[in-house]
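Contents: one structure, followed by commentary.
The values are calculated or read from the model by the stated rules, or taken from the named source; none is laboratory data. As the structure is a computational prediction, the values presented were derived from the model and not from experiment. All Cβ positions, glycine included, derive from the backbone under ideal geometry; neighbour counts span all protein chains shown.
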């Protein structure tokens, strides 16, 4: 009996560790690793080897499967993320970077992209845009002109270029500069005079409006601040001359919402105060999602490929339509334009290359109708505008057949 007590005392740490590990082990046996919030494919269970090479890979495959399916893995990862952020202000992914004054930045658009590339590509320091970007803008504008449309482009500066004082110290001079990738395109001799006239890049205006988080909420990648009201007015005034300089403020609602990129750091709770038009008070009919466009019902899988769309009807506005073709920044700002147009329709192009040519033709018939009474605005953030996302999203709308590449 005495020897058993001594044995227990001598191994109390080991026994305690075994007890702790038994909890996730039992959880794994009963229900697996829990929810997969890592947004990646977890390692599959190892299969019986059928060759010597497969046999040699078995230990690695088994280890990967155990790591990915460890009981309570999701809770442990979230706890680790919370602790890491609380102690070191670090995120569990290179896609996010902590700035100053409580602001966070999307630092990379994928885990395989170079660290901080989402910032350095759009800030100053003469970063080169994608080849032939200026030539594409010239061609795009000319093509739509021939189709009877009169296109305009709003290029939205990223948060790092607007709030350069909140970026990490080593990035502040670069992000506070004016020689951005967009500025390089606008100065390119290959950009036609008409295309240059139709592009609005309000970097200085947005810096002047920035305030504390009036354009970009501190924990968000997308813009969603009260200054979007003025940015919409500036855009309509600059491109079409249809917005008065003096006007009564539009009704606005302010709500706390979780960060729009919170899926990149599960377990870390970040939120910001978000500004949205009060459509009910403004007597505007607002609609988000594919159900807003029954005209798309004939398009295959339209609810999936056309998921980021919005439509607004303002009976008090002039009898004119605004079509916004955009990246994900479009639906966050489309409603602010409704005070100037009877109808505003917005569609994001992230899935357009998944559509058949017949479906693209249907899409064009719906979107590009009534050119005489329609203003068309291509709205993309700076990184998307000059690094081919805009080009890949728009080119099928003004070319007769799908491009062969590029």
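Please find, among 207, 233, the residue that is modelled with pLDDT of 95 or more, under 17 Å from residue 166 (Cα atoms) and part of a helix (DSSP H, G or I).
Values: 233 fails: under 17 Å from residue 166 (Cα atoms).
Answer to the selection: 207.
For (1) over 16 Å from the mean Cα position of the chain (by Cα); (2) within 17 Å of residue 229 (Cα to Cα), each residue gets a yes or a no:
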site: 328; (1), (2): no, no
site: 334; (1), (2): no, yes
site: 349; (1), (2): no, no
site: 353; (1), (2): yes, no
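Against the condition assigned to a helix (DSSP H, G or I), over 18 Å from residue 231 (Cα atoms) and without any contact (Cβ under 8 Å) to a residue 60 or more places away in the chain, how does residue 172 come out, does it pass?
Values: assigned to a helix (DSSP H, G or I): yes; over 18 Å from residue 231 (Cα atoms): yes; without any contact (Cβ under 8 Å) to a residue 60 or more places away in the chain: yes.
In short, yes.
Among the residues of segment 35-63, write down those that are surrounded by 13 or more Cβ atoms within 10 Å (Cβ to Cβ), assigned to a loop (DSSP other than H, G, I, E, B) and modelled with pLDDT of 75 or more.
Residues satisfying the conditions are 43, 46, 49.
Would you point out which residue out of 195, 232, 160 is within 30 Å of residue 89 (Cα to Cα), in contact with a helix residue (DSSP H, G or I) (Cβ under 9 Å, 6 or more places away or on another chain) and in contact (Cβ under 8 Å) with a residue 24 or more places away in the chain? So that I can check it myself, show each step before the final result.
Values: 195 fails: within 30 Å of residue 89 (Cα to Cα); 232 fails: within 30 Å of residue 89 (Cα to Cα).
Testing whether each residue is within 30 Å of residue 89 (Cα to Cα), in contact with a helix residue (DSSP H, G or I) (Cβ under 9 Å, 6 or more places away or on another chain) and in contact (Cβ under 8 Å) with a residue 24 or more places away in the chain leaves just 160.
Given the criteria surrounded by 15 or more Cβ atoms within 10 Å (Cβ to Cβ) and assigned to a loop (DSSP other than H, G, I, E, B), does residue 179 qualify?
The answer is no for residue 179.
Can we say residue 330 is crowded, with 20+ Cβ neighbours inside 10 Å, without any contact (Cβ under 8 Å) to a residue 60 or more places away in the chain and part of a loop (DSSP other than H, G, I, E, B)?
yes
Looking only at segment 83-118, which residues are part of a loop (DSSP other than H, G, I, E, B) and closer than 14 Å to residue 261 by Cβ? Before the answer, list the steps.
Taking segment 83-118 first, the residues part of a loop (DSSP other than H, G, I, E, B) are 89-95, 99-103, 107-116.
Residues satisfying the conditions are 91, 92, 93, 94, 95, 99, 103, 107, 108, 109, 110, 111.
Against the condition in contact with a strand residue (DSSP E or B) (Cβ under 9 Å, 6 or more places away or on another chain) and buried (at least 24 other Cβ atoms within 10 Å of the Cβ), how does residue 152 come out, does it pass?
no
From (1) part of a helix (DSSP H, G or I); (2) touching a strand residue (DSSP E or B) at 6+ places or on another chain (Cβ under 6 Å), pick out the condition that doesn't hold for residue 353.
It fails just one condition, (2).
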